[in-house]
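The values are calculated or read from the model by the stated rules, or taken from the named source; none is laboratory data. For clarity, every value in this text was computed on a predicted model and none was experimentally measured. When we count neighbours, we look across all protein chains shown, and the Cβ atoms used for this are built from the backbone with ideal geometry, even at glycine.
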Amino acid sequence: MAELNLILLGPPGAGKGTQAARLTEDFGLPHIATGDILRAAVKAQTDLGREAKRYMDAGELVPDTVITGVILDRIAQDDARDGFLLDGFPRTVEQADSLGAAIERTGRRLTGALLISAPDDVVVRRIIGRRIDPRTGEVYHVDFDPPADASVELVQRDDDSEATVRKRLAVYHQQTEPLISYYDERGLLRRFDGTQAPDDVHAHIRAAISTLQREDEL
Ligand code: AMP
């Protein structure tokens with residue numbers, strides 16, 4: 001069976017993390033979420049975390065030179081031998097070029113870039129209400145998906161305030177959206193409607209992955 005090397009694209013709040021968790025279960029691929037890696041580095045106060053924090057707090061992208069090496073090392077690790085699911089990387093054309101070059105150098109191939117899209121007003125509403133159970137990492141929404149146990153104490157990500165979300169969206173449109181045509185031109189882009197129910201998005205993505213796998217084996 002060929003490797004399954006997937007990229008998830010889309011604005012913050014489109015449901016990339018939700019779908020990634022499901023796809024990881026389906027295919028046994030490591031879920032490599034740059035945001036999670038950076039937040040862990042901030043918490044552990046490593047050099048990477050100290051460098052990244054001010055950009056993250058401002059809703060800006062961490063410089064390519066800071067993040068790209070981390071991700072290229074990560075996909076070279078043993079558990080990513082049969083494939084990987086990148087969530088939040090690449091986010092700029094420069095990152096996409098670095099990833100493409102590294103993949104080619106190692107004789108690998110990208111299987112597909114899965115774009116989950118949703119309009120700005122939808123993702124702003126989702127993100128502002130997003131809360132996390134710090135003990136389990138489970139993600140909830142104060143209105144749409146509150147925890148069954150109301151006594152669970154939830155926290156909000158530092159960068160999930162409305163002002164920072166608007167900034168992150170502007171950055172997405174400006175710096176990350178060009179990747180849509182980048183991967184479309186390479187025949188790798190598949191589009192999904194992130195306003196649909198998570199189960200439906202998941203079903204569509206699974207079907208698309210089956211097709212991509214068949215194409216890859218030809
Ligand atoms: P996320 O959890 O994917 O929304 O990422 C949170 C923050 O981490 C972003 O707003 C950026 O500051 C930073 N970040 C995550 N992935 C990248 C990336 N590929 N390039 C640059 N910065 C990133």
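Values computed for the structure shown
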read-out	value
Selection status of residue 200, modelled with pLDDT of 95 or more and not hydrophobic (A, V, I, L, M, F, W, C)	yes
Pair list, Cβ < 7 Å and 6+ apart or interchain, from segment 82-97 residues that are more than 12 Å from residue 175 (Cα to Cα) to residues that are outside any helix (DSSP H, G or I) and within 9 Å of the ligand (Cβ to nearest atom)	87/33; 88/33
Residue match in segment 6-27 (condition: assigned to a helix (DSSP H, G or I), of a type outside the set (Gly, Ala, Ser) and free of Cβ contacts under 8 Å to residues at least 24 places away in the same chain)	yes
Filter pass, residue 36 being more than 15 Å from the ligand (Cβ to nearest atom), of a type in the set (D, E, K, R) and out of contact with any strand residue (DSSP E or B) (no Cβ under 7 Å at 6 or more places or on another chain)	no
Selection count where residues are touching a Phe, Trp or Tyr at 6+ places or on another chain (Cβ under 9 Å) and either closer than 25 Å to residue 82 by Cβ or more than 10 Å from the ligand (Cβ to nearest atom) (or both), scope segment 45-69	2
Flag if residue 49 is in contact (Cβ under 8 Å) with a residue 40 or more places away in the chain, surrounded by 15 or more Cβ atoms within 10 Å (Cβ to Cβ) and not charged (D, E, K, R)	no
Pairs where the first residue, in segment 198-218, is within 16 Å of residue 116 (Cα to Cα) and the second is modelled with pLDDT under 95 and aliphatic (A, V, I, L, M), C-beta under 7 Å, 6+ apart	none
Meets criteria (β-branched (Val, Ile, Thr), more than 11 Å from the ligand (Cβ to nearest atom) and outside any strand (DSSP E or B)) for residue 42	no
